[in-house]
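Every number in this text was worked out from the coordinates using simple rules, so none of it is lab data. Just so you know, these numbers come straight off a predicted model, no measurement behind them. With ideal geometry, Cβ positions are generated from the backbone for all residues, glycine too; neighbour counts draw on all protein chains shown.
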Amino acid sequence: MLLTGNIIADMVKGKLKKDIPAEIAAGMKLHLLIDHFTDTHAATRQMCDELTPFFKRYAPVMVDIFLDFHLGSEWERVSIISFPQHEDWVYESLKSQSAFLPEKISFRLKSMISHRWLNLYRDKENLPEVTRRLSLRSSQPGDFSGALEIYNSTEDKFKPLFYTFFNDMRRYIDSIYIDQKPLG
């Protein structure tokens, strides 16, 4: 249920939070901890500084998206299970827990599963589609034109920063569990 909470954390707003089971809420808290770690990490701050001239206030969001694309393209180097196995596990986990979620969230997860959103992040050519979806969800319009070109121009510079961040994030998450800090 941690996985489900981690995935839905950005989808759950306001009144919906009270309808979330405690085990899933713990995953949402983990997501917030990871978000804070990401936003304050030196490597992601450097990436954000480089992207701010292009994406202004959306630079931190674009850093997250770029990190997701780096993770997707580097999956076999950072995981002992294949991407298809991971994707299937995620989707099966979400399906098994959708009954515990508010209808609005369950509907979005069904769309995520049926369209295999995770797979979008395997190929950087899908970046325009990801930013198109982002602009549909944004309360204030952002200019994401040229995102693929900017990704391509920063890829070699950002890849070492991704690995630095990713390895530090793994250690951070391990420390949460090793220290047995409560997430609930």
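In summary, the lysines within cross-link reach of Lys110, defined as a Cα separation below 27 angstrom excluding same-chain residues under 8 places away, comprise Lys13, Lys15, Lys17, Lys18, Lys29, Lys95, Lys124. The order of Leu109, Leu3, going from fewest to most other C-beta atoms within 10 Å of their C-beta, is Leu3, Leu109.
3J(HN,Hα) couplings calculated from phi for region 62-71 with the Karplus curve 6.51 cos²θ - 1.76 cosθ + 1.60 (θ = phi - 60°) are, in sequence order, 5, 4, 4, 5, 4, 4, 4, 5, 4, 4 Hz; Gly and Pro show x. When only Cα pairs below 8 angstrom with a gap of at least 6 residues are kept, the chain shows a relative contact order of 28 percent. Here the contact order of region 59-125, divided by its residue count and restricted to Cα pairs under 8 Å and six or more residues apart, works out to 48 percent.
Which option, (i) 64, 15, 13; (ii) 26, 20, 17; (iii) 36, 17, 14, is the value of semi-axes √(5λ) of the Cα gyration tensor in Å that was calculated from these coordinates? Correct label is (ii). In whole Å, how far is the Cα centre of region 122-142 from that of region 65-80? Each part reduced to its Cα centre gives a spacing of 18 Å. Counting every other Cβ atom within 10 Å of each residue's Cβ, His31, His115 order from fewest to most as His115, His31. Cβ-Cβ distance of Leu136 and Thr164, R₀ of 30 Å, FRET efficiency by 1/(1 + (r/R0)^6): the value works out to about 0.40.
For the pair Ser73 and Lys104, the difference between a 0.36 nm per residue extended length and the Cα-Cα distance amounts to 8.1 nm. Gain on full extension, evaluated as 0.36 nm per residue between Glu92 and Ala22 minus their Cα-Cα distance, stands at 23.2 nm.
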